[in-house]
1. Kindly evaluate B:A64 against the criterion of being over 28 Å from B:G257 (Cα atoms) and aliphatic (A, V, I, L, M).
2. Taking C:S378 as meeting all but one of (1) among the hydroxyl-bearing types (S, T, Y); (2) surrounded by fewer than 24 Cβ atoms within 10 Å (Cβ to Cβ); (3) under 26 Å from C:I284 (Cα atoms), write down the number of the exception.
3. Could you say whether any residue in segment C:339-357 is under 30 Å from C:V63 (Cβ atoms) and within 12 Å of chain B (Cβ to nearest Cβ)?
4. Filtering segment C:1-29 down to residues that are among the β-branched types (V, I, T) and either farther than 29 Å from C:N97 by Cβ or at pLDDT below 95 (or both), which residue is surrounded by the most Cβ atoms within 10 Å (Cβ to Cβ)?
5. Of the conditions (1) more than 10 Å from chain C (Cβ to nearest Cβ); (2) part of a loop (DSSP other than H, G, I, E, B); (3) modelled with pLDDT of 95 or more, A:L368 clears all except one; give me its number.
6. Name the residues in segment C:321-344 that are under 21 Å from C:G28 (Cα atoms) and not hydrophobic (A, V, I, L, M, F, W, C), would you?
7. In contact (Cβ under 8 Å) with a residue 24 or more places away in the chain, surrounded by fewer than 24 Cβ atoms within 10 Å (Cβ to Cβ) and either in contact with a Lys or Arg (Cβ under 9 Å, 6 or more places away or on another chain) or over 26 Å from B:L30 (Cβ atoms) (or both), is that true of B:R362?
8. Identify all residues within segment C:365-375 that are touching a residue at least 40 places away in the same chain (Cβ under 8 Å) and surrounded by fewer than 23 Cβ atoms within 10 Å (Cβ to Cβ); write none if there are none.
Amino acid sequence: MSSSSAPATGPIHEAVAGLPLVDHHCHGVLAADPSPETFHSLITEGDVWPGSGISPFDSPVGVALRRHCAPLLDLPRHATATEYLARRAELGWREVNRRFIAAAGTDVFCVDTGYTPHRLTTPAELAGASGRPAAAAYEVVRLETIAEGVAGEGVEPDEYASAFVAATRDAVDERRAVAVKSVAAYRTGFDLDPSRPSDADVTEAARRWLAPAGTGGKADGAEEETGTPPRLNDPVLVRHLLWTAVDLGLPLQLHTGFGDNDIRMHRVDPTHLTDWLHRTSGTIAVLLLHCWPYQRQAAYLATVFEQVYLDVGLTLHHVGPVRARAILEEALEITPFRKLLYSSDAYGIPEFYQLGALAFRRGLAELLQDRVDADELSLPDARRIAAWTGRDNACRVYGLPR
Amino acid sequence: MSSSSAPATGPIHEAVAGLPLVDHHCHGVLAADPSPETFHSLITEGDVWPGSGISPFDSPVGVALRRHCAPLLDLPRHATATEYLARRAELGWREVNRRFIAAAGTDVFCVDTGYTPHRLTTPAELAGASGRPAAAAYEVVRLETIAEGVAGEGVEPDEYASAFVAATRDAVDERRAVAVKSVAAYRTGFDLDPSRPSDADVTEAARRWLAPAGTGGKADGAEEETGTPPRLNDPVLVRHLLWTAVDLGLPLQLHTGFGDNDIRMHRVDPTHLTDWLHRTSGTIAVLLLHCWPYQRQAAYLATVFEQVYLDVGLTLHHVGPVRARAILEEALEITPFRKLLYSSDAYGIPEFYQLGALAFRRGLAELLQDRVDADELSLPDARRIAAWTGRDNACRVYGLPR
Amino acid sequence: MSSSSAPATGPIHEAVAGLPLVDHHCHGVLAADPSPETFHSLITEGDVWPGSGISPFDSPVGVALRRHCAPLLDLPRHATATEYLARRAELGWREVNRRFIAAAGTDVFCVDTGYTPHRLTTPAELAGASGRPAAAAYEVVRLETIAEGVAGEGVEPDEYASAFVAATRDAVDERRAVAVKSVAAYRTGFDLDPSRPSDADVTEAARRWLAPAGTGGKADGAEEETGTPPRLNDPVLVRHLLWTAVDLGLPLQLHTGFGDNDIRMHRVDPTHLTDWLHRTSGTIAVLLLHCWPYQRQAAYLATVFEQVYLDVGLTLHHVGPVRARAILEEALEITPFRKLLYSSDAYGIPEFYQLGALAFRRGLAELLQDRVDADELSLPDARRIAAWTGRDNACRVYGLPR
């Protein structure tokens, strides 16, 4: 625990504090004032548990919000949850969004636009809220959303594969996407057959998946309303989706590890992807997102596969600044410095833009400054590692202008 | 490493030092003077390894005993193992039990009474040994012991299910138990079919299990004497046992992770329980015990499932005060503060009551005090987190009087 | 992070700095001047990735080389990679080998001679390069190399088992080997059937394995030249290899965890060996090498099985001195002090002899000194733990003269 009440100082802290970030994986935030219940639901990967007496504020992320976000709402540090929500409502969502997104110091937003249970800001609105003249936003196309859209619009099983591929290409082209993303972790886990499925296998799997509700293809326990696109969780179709990403040629972001209780954590150890990574070597970049508690496993893959990268987004705001350094230490234990990227994985509330950036900057600066102070690392190297991980690595992977 | 030779000070250290603990999972201690061999066997999860030249005292827990327990026997810090055992014998088990149990500062003992290879103190004797007027003891019924008792007394396969259910209910009622416990981790691991087994499946499994020795149903490598109740390790019957706990409605304690070499560690990652937790959502509380090296996985489950709680009992005295904070940091990384409980998992020797409490208090206080000192946490929040984890969370889960 | 720019001091640092090490698992180093490409390939577990713009020096191990190895080449700390390679070439491999191997302070080298893609120094040359009069070198026989040699020379399937056993015995006798080693982790992982394969099973597996190329038995993706001994990756033959080690009676070293991308990391969690360890209890010592990220799982096995030992070789130089203590803290969390050994796992470049020793000495000394300073450990105990882990435990396991 290197945090102290006085702001940490030193050349690295200053360099990292002033570094414009590339947030290579994030989401829109609410374009509305959330009810307390909605806000609660957005700050936990659990559910809200009404009647339990357990507030989502009583958690590391809740403490971090009250400590680090409250002051941006003109509240004292450690304001109560009630005060926090009241002041937030008073300011209104536009002002709240502006304050927190501006505080992140992010120049580039790569926005996964495929998860929209709430009405969210657009990528352009995110960039605008930052108040930074240089800010830019790019889209990341979520493949499962495309696949489920194809299914929802109606498609014959033997046309599914080509329709999905075409829809993906169209989405990427229309939105000028810089990457695609898969939540295969949520749907099947990573312990998949690494081989490319045959056309016949895909057709057969699509037939099962597209069968009318009640005749098969449903997730265990998932409730689907009539007319809702079916949830893509067939292992053959998930494999097909991953191989479609390979053919597409854009970097592929993969949800890895931490998430809500739809995850079977033991199946999302990313080293289950090893055979698939061998087969797809020399094709697309693969970006492992979040990774906790598998940050060491992700770091191993990033060390031994040229095409693999990782971040600890989402994790950092959930553990908060008090543990960000510990997580980054593990994520960087053996990792080539070209392989770690920054993301907030902010979703729904703008606080996570600020909190993710704060946790990343502080954790990384503490780690690097201590190494410089101990003469384990030169100052120029430390500056370079900070710039690479916070910005330049993402620019390289996604081909973004500097 | 925040330990220092001067006793740590500060308001949190004082608050935590004075907090009466609820030890939500513990065992009796010897009601006899142990031989050196017995004492050795009780301080390691390994065996004693006679002739190996390896003393169980030459380990983190052995060092912690010599450092932190010796002074309670009027010995200097770091007394030798020989001095330690001699002085212990001199004082006699009643005095030794009194000193260490009193030093724990525990008000409530929830005692698993189902594991009795040694003659142990009763729950009431534990409470009495604490010397605390307010001390209370409750029982936790170990389900495998009940099941094996039913089998040992003789039962027809098709009557096993109802006999086990009835025996469990009787045991819970007679002993006014506050919880039940399963060691499914030792018997099958957690990678079980999550569904409730059918009556026919249970009868068929009971038929295999209850068959005369030599005709099946034995654990690999386990040696059973004739007439001993067979060891319950059939996956169908273990599932039935877990579902019986659900029907019973009491909180269920689950051994998780660290233990002796009967564990197959890779099968007791608690995230293997995810599907079962989905199916039993809204029913009983599930308390993951010990958890190391899966404290992060357990924390994940406690974060995303309303009914899941965790502790790092057993782990804390084995790693000792020098690593207690590191383990607690991981256990609390993302965890709602309502979800961590205290237990010693002391068994056999009273030293583990004192050592477990010391490691917990010191590790938690260091963690919280540093966060308060860094203004990452308010002092009232820190006090609240300490009281919740050390006492109040257990009172809520088990419905104990405050 | 306890590293500081001033050299750490205190009696433990001094004792550990002066301790002659037993390096119980290491390899030869190049007996030639490496090209920059070769040097790059030897400092990463990844490949070199030409054209990627990613230098293997831009990593924790690269930073450590520039910081801690450059001064032994008369360069300033943090010299550039270019300066480093130029000066290295200038000095020539004999001088470079001498400097780094002497700096390790190693008295005993147990050398795995079975991995030789490069021309390497012999064990005797390693000992000679140390410049230490007392230095000695012993061989460790790699079993897969023996098996593949037997296959390469031509053998009938039904004679494979006895030929392999005989060749192993011959190799051990001729080289006076102190141990054997298996890379089963690379070939099948540890999730193997724990039972001894029958003769018929071995013959049948040998038949498949020895079949002409193109008719089966090849590793997925592995390219074999005609005439090259086939790669042993049949699960039955790997089991036979492990049981042959049991019959042989020498300590068995097992690659565990971290390595190149031939590993399927999720299959090399060493707790998959639990059933095999039960079956082989009372026979040979089993030494788990490297272990990261499974150092806690390895420590668990070493705690509960008399015959199991571990080290964190390879890991220590890859994470570098800045993280060596953190890894050692996890490796020692519950571990009997008789169970941790030192190894460098240096291969190819002599820098890893020095860097591994430095990281081990510093990490261990920091850990122990802080515990002594906090009065958590007595000074004599700390000295004993240092001597045991750095030297004496290996002498006991391998029966080496002191």
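The values are calculated or read from the model by the stated rules, or taken from the named source; none is laboratory data. Here the structure is a predicted model, which means the values were calculated and not measured. Virtual Cβ from ideal backbone geometry, glycine too; neighbours counted across all protein chains shown.
1. Judged against the criteria, B:A64 is not a match.
2. In the conditions (1) among the hydroxyl-bearing types (S, T, Y); (2) surrounded by fewer than 24 Cβ atoms within 10 Å (Cβ to Cβ); (3) under 26 Å from C:I284 (Cα atoms), C:S378 misses (3) alone.
3. Taking every residue of segment C:339-357 in turn, at least one turns out to be under 30 Å from C:V63 (Cβ atoms) and within 12 Å of chain B (Cβ to nearest Cβ).
4. So, considering only residues that are among the β-branched types (V, I, T) and either farther than 29 Å from C:N97 by Cβ or at pLDDT below 95 (or both), the one surrounded by the most Cβ atoms within 10 Å (Cβ to Cβ) is C:I12.
5. For A:L368, the exception is condition (2).
6. C:Y342, C:S343, C:S344
7. no
8. C:D370, C:V372, C:D373
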